[in-house]
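I have placed the structure first, in the form of structure tokens, so that the comments after it can refer back to it.
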Amino acid sequence: MPAAATNEDDSSKVGAATNEDEATKAVLESLGGLPPTSFLAPSSDLSQQLRTAVKTIFDTGMSNLHAAKNAASNAASGGGKKGAARLMKSQSLAPERKLPGLFVDGFDSEQIWCQLDLALAPTLPASGGG
């Protein structure tokens with residue numbers, strides 16, 4: 001009986017991931033038809049579209065990372081040394097969630113960059129320092 005519940009949970013996660021992937025695809029397609037010169041002049045409409053794109057891509061990516069981390073953790077729980085190695089690798093790939101998502105409404109570009117830095121710093125390799 002518990003296995004059936006797990007399969008239902010997995011299928012709902014797959015459905016959610018598909019919806020997120022479709023949303024990401026739609027956002028990117030809306031920006032893909034723009035001529036490169038449209039990015040040279042300030043535009044509040046384009047700015048809002050880009051903020052939405054960044055939020056959608058970030059939120060989808062973090063959701064996918066955490067789903068992969070959870071799947072690896074579940075697989076590793078009974079996998080001995082090999083499972084422990086997978087678990088350690090999955091934990092290094094997906095940082096703990098410090099934000100529930102990317103906040104863009106009412107935030108300027110510097111504030112959005114700070115959120116990205118906060119969320120992604122643990123996953124980025126440290127600089128050699130020149």
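The values are calculated or read from the model by the stated rules, or taken from the named source; none is laboratory data. Quick caveat, the model's predicted, so the values are computed rather than measured. For accessibility, only protein heavy atoms count, side chains too; no ligands or nucleic acids. Shrake-Rupley method; radii C 1.70, N 1.55, O 1.52, S 1.80 Å.
Points worth noting:
- Unique residue being acidic (D, E) and at pLDDT 90 or above when the list is E110, E22, E29: E110
- Positions within segment 88-107 being open to solvent by 100 Å² or more (accessible area, probe 1.4 Å) and at pLDDT 90 or above, in sequence order: D105
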